[in-house]
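Okay, structure first, notes after.
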Amino acid sequence: MIEAINARFSQHAKAMGWALRRLVVAPLPTLLSLLAISITLALPAGGQMLLGNVLRIAGNDSVTPQISLFLALDTDRRTAELIGARLKNLPSVRELRYVPRSETLKRFQAREGLAEVLAVLPDNPFPDAFVITPREDGTAALEQLRDELGRWPKVELVQLDSDWARRLDALLRLGRTGVSVLGVLLGLGLVATTFTTIRLQVLTQRTEIEVSRLLGATDAFIRRPFHYFGALLGLLSGFGAWLIVLAVTLALRGPVAELTGLYGIAGTLRPLAVNDSLILIGFSAAMGWLGAALSLLRHLREPS
Amino acid sequence: MIRFEHVSRRYQPDIAALLDITFEIDTGQLVLIGGHSGAGKTTLLKLIAAIERPDSGMVMVNGQNIGDLKPAAIPFLRRNLGLVFQDQKLLFDRNVFENTLLPLSIAGFPPKEAARRVRAALDKVGLLKRERALPVALSGGEQQRLAIARAVVNRPGILLADEPTAHLDPVTAGEVAAIFRDFHQVGVTVLVASYDDQLFAPLAPSRLLLNHGTLMPDAGARPPGQ
């Protein structure tokens, strides 16, 4: 029994070894086709990496709209606190953040170029403000809340911040669809590439296949090494794509940090998430195997 | 063990490679298949190995009807046969040891047992010392002996050889014939297709004589099965 299992295992090991040798025996063509497939796969993988980062940096509540409420400039501290208490008690308000005018002034003074401008002004030009996260995010409910708050005394301006969030959400959805479509298309490209690569392998191995058949090889025995070859090609290409995305991530990290810093957003570019990486490599291995299987179906029919 | 009943095989409707062939070969017999080039010797061997199927009639090998065999069953039939091809069909990118190992790899033998059997087969044909050599480095006779080693490494019950001594000088041909004789003597059924009538003459083998696809009555030897 153990002997039989060993023998079976050794057949698989041999097929795997054969596939590896086939890759190594022609290093330059192997490297070139691996590079071509890797770059192809790096496109959707890189897109997924960017999407993941945008989603993470934009934050989980990026799609939850916020309302900014600005008080009149002549509002005193006590009135502002009263308004804050009143807002807090509203059932339609889920979260409330008070932004005092002095704090806003300090933040802008810290910025280069703005400090001089502010120094010229006699008073603090910024009003007290509240950032409200509403309980409901339906457009009608939000607009009703905005209108109601706008009628309060000492309230200068109520601004709905949901528009940009909605646009971002729609954009991300588009991006996600784009990445999926690209992934499927380029996956098919990988199938096609393995298809032709395996065809060439079958052609160069024609004698060996013929002799093996005459010596009693089953179809499974003949197909096995080619299946391994296709899967291995896909696996290595997937890994190559992963490396490319990693390199791009590291190269972009500095510039992206600079850019997000300018917008006051905290967050660094991270490489492809672990589960996305596993999906990438698994998917490309599966596509390689599929390309090999299809190619064998077409090119390995027993001549009769 | 091998039985042909009214077997015909046509390559084109009007060209019959074999026509209404009937004979029977018992286990352990040595049978020489004779006849001119194109008489149907190769086709007859191919029918036994299910490389070709009969157009009519019945080919029975080890109790199995070749014509009814499912494609998936053919590999397992072939594992019980030793085949020596006219063009040898050696793999030129593999050495002597690896060429001989191939049938055992295919049958899924454990590596140690397989290596032992390969060396035994190579020893039998006198190639043990050349196991690392590539086929191109072998002489014609050595290549033929390698082909035989590969055919018998599986210890098949039936050994089929198609012109195994063609292109060999008489001395080498005699050595190759001696190997077949040895296998016959340990009980293997041996079928050799050859135009060389004298090859096994001392053993007085049974003979099937083909002439343009038909079986000729052969006065010179015992018919098989007796």
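Filter the stretch B:18-31 for residues that are within 14 Å of B:Met60 (Cα to Cα) and surrounded by 15 or more Cβ atoms within 10 Å (Cβ to Cβ) and give the result.
So the first thing to find is which residues in the stretch B:18-31 are within 14 Å of B:Met60 (Cα to Cα), and the list is B:21-27.
Of everything in the stretch B:18-31, those that are within 14 Å of B:Met60 (Cα to Cα) and surrounded by 15 or more Cβ atoms within 10 Å (Cβ to Cβ) turn out to be B:Ile21, B:Phe23, B:Glu24, B:Ile25.
Selection over the stretch A:210-222 of residues that are in a helix (DSSP H, G or I) and either at the interface with another protein chain (Cβ under 8 Å from one of its Cβ atoms) or buried (at least 20 other Cβ atoms within 10 Å of the Cβ) (or both) gives a count of 8. Evaluation of A:His299 against the conditions (1) surrounded by fewer than 18 Cβ atoms within 10 Å (Cβ to Cβ); (2) over 30 Å from A:Arg206 (Cα atoms) shows that the sole unmet condition is (2).
Just name the residue that is surrounded by the fewest Cβ atoms within 10 Å (Cβ to Cβ) out of those in the stretch B:114-136 that are basic (Lys, Arg) and under 17 Å from B:Arg155 (Cβ atoms). Even if it seems obvious, please write down each step before you answer.
Of the stretch B:114-136, the ones basic (Lys, Arg) are B:116-117, B:119, B:124, B:129-130, B:132.
Pick out the ones that are also under 17 Å from B:Arg155 (Cβ atoms) and you get B:116-117, B:119, B:124.
On the way: B:Arg116: 13, B:Arg117: 19, B:Arg119: 16, B:Lys124: 17.
That would be B:Arg116.
Within the stretch B:79-92, residues that are more than 7 Å from chain A (Cβ to nearest Cβ) and in contact (Cβ under 8 Å) with a residue 60 or more places away in the chain have Cβ atoms under 7 Å from residues that are open to solvent by 40 Å² or more (accessible area, probe 1.4 Å) and not in a strand (DSSP E or B) in these pairs: B:Asn80/B:Asn62; B:Gln86/B:Thr42, counting only partners at least 6 apart in sequence or on another chain. Annotation note: of A:Ser284, A:Ser277, the sole residue that is farther than 26 Å from B:Ile74 by Cβ, crowded, with 18+ Cβ neighbours inside 10 Å, free of Cβ contacts under 8 Å to residues at least 40 places away in the same chain and not acidic (Asp, Glu) is A:Ser277. Exactly one residue out of A:Leu31, A:Leu50 is part of a helix (DSSP H, G or I), under 27 Å from A:Leu172 (Cβ atoms), open to solvent by 40 Å² or more (accessible area, probe 1.4 Å) and not β-branched (Val, Ile, Thr), and it is A:Leu50.
Within the stretch A:67-104, the set of residues being loosely packed, with under 15 Cβ neighbours inside 10 Å and basic (Lys, Arg) comprises A:Arg77, A:Arg78, A:Arg86, A:Lys88, A:Arg94, A:Arg97. Taking residues in the stretch A:4-23 that are of a type outside the set (Ser, Thr, Tyr), and partners anywhere that are open to solvent by 60 Å² or more (accessible area, probe 1.4 Å) and part of a helix (DSSP H, G or I), the pairs with Cβ atoms closer than 7 Å and at least 6 places apart or on different chains are A:Ala15/A:Tyr228; A:Met16/A:Tyr228; A:Ala19/A:Tyr228.
Each residue in the stretch B:49-74 was checked for being open to solvent by 10 Å² or more (accessible area, probe 1.4 Å) and away from every other protein chain (no Cβ under 11 Å), and 14 pass.
Can you tell which of A:Asp128, A:Asp161, A:Asp137, A:Asp123 is surrounded by fewer than 13 Cβ atoms within 10 Å (Cβ to Cβ) and of a type in the set (Asp, Glu)?
Working: A:Asp128 fails: surrounded by fewer than 13 Cβ atoms within 10 Å (Cβ to Cβ); A:Asp161 fails: surrounded by fewer than 13 Cβ atoms within 10 Å (Cβ to Cβ); A:Asp137 fails: surrounded by fewer than 13 Cβ atoms within 10 Å (Cβ to Cβ).
Sole residue among the options that is surrounded by fewer than 13 Cβ atoms within 10 Å (Cβ to Cβ) and of a type in the set (Asp, Glu): A:Asp123.
For the residues A:Glu148, A:Glu116, the requirement of being among the acidic types (Asp, Glu), under 21 Å from A:Thr79 (Cβ atoms) and outside any loop (DSSP other than H, G, I, E, B) singles out A:Glu148. Residues being within 30 Å of B:Phe85 (Cα to Cα), free of Cβ contacts under 8 Å to residues at least 12 places away in the same chain and of a type in the set (Val, Ile, Thr) are represented in the stretch A:218-236 by at least one member. The number of residues in the stretch B:215-226 being at pLDDT 65 or above and open to solvent by less than 60 Å² (accessible area, probe 1.4 Å) comes to 2. Within the stretch A:43-59, the set of residues being under 11 Å from A:Val179 (Cα atoms) and more than 8 Å from the chain's Cα centre (by Cα) comprises A:Leu43, A:Pro44.
Residues that are among the hydrophobic types (A, V, I, L, M, F, W, C) and either modelled with pLDDT under 80 or crowded, with 22+ Cβ neighbours inside 10 Å (or both) within the stretch B:188-214 comprise B:Val190, B:Leu191, B:Val192, B:Ala193, B:Leu199, B:Phe200, B:Ala201, B:Leu203, B:Ala204, B:Leu208, B:Leu210, listed in sequence order.
Residue-wise test of (1) among the basic types (Lys, Arg); (2) closer than 17 Å to B:His212 by Cβ; (3) open to solvent by 10 Å² or more (accessible area, probe 1.4 Å).
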residue: B:Ala16; (1), (2), (3): no, yes, yes
residue: B:Ile33; (1), (2), (3): no, yes, no
residue: B:Ser37; (1), (2), (3): no, yes, yes
residue: B:Lys46; (1), (2), (3): yes, no, yes
residue: B:Phe76; (1), (2), (3): no, no, yes
residue: B:Gln86; (1), (2), (3): no, no, yes
residue: B:Phe92; (1), (2), (3): no, no, yes
residue: B:Val96; (1), (2), (3): no, no, no
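Before we move on, is B:Phe109 modelled with pLDDT under 90, open to solvent by 10 Å² or more (accessible area, probe 1.4 Å) and outside any strand (DSSP E or B)? Yes.
Of B:Ala121, B:Ala115, B:Ala149, which residue is in a helix (DSSP H, G or I), farther than 19 Å from A:Ile209 by Cα and under 13 Å from the mean Cα position of the chain (by Cα)? If you could, list the steps in order and put the result at the bottom.
On the way: B:Ala121 fails: under 13 Å from the mean Cα position of the chain (by Cα); B:Ala115 fails: under 13 Å from the mean Cα position of the chain (by Cα).
When all the criteria are applied, what remains is B:Ala149.
For the stretch B:17-75, give me the residue count where each residue is part of a helix (DSSP H, G or I) and either closer than 26 Å to B:Ile106 by Cβ or at pLDDT 95 or above (or both).
Initial filter on the stretch B:17-75 (part of a helix (DSSP H, G or I)): B:41-48, B:66-68, B:71-75.
Going one step further and asking which of them are either closer than 26 Å to B:Ile106 by Cβ or at pLDDT 95 or above (or both), we end up with B:42-48, B:66-68, B:71-75.
Residues that pass the stated criteria total 15.
The values are calculated or read from the model by the stated rules, or taken from the named source; none is laboratory data. If you're wondering where the values come from, they're calculated on a predicted model, not measured in any experiment. Note that we place each Cβ from the backbone using ideal geometry, even for glycine, and neighbour counts take in every protein chain shown. Surface areas here come from the heavy atoms of the whole protein model, side chains and all, with no ligands, DNA or RNA. Shrake-Rupley method; radii C 1.70, N 1.55, O 1.52, S 1.80 Å.
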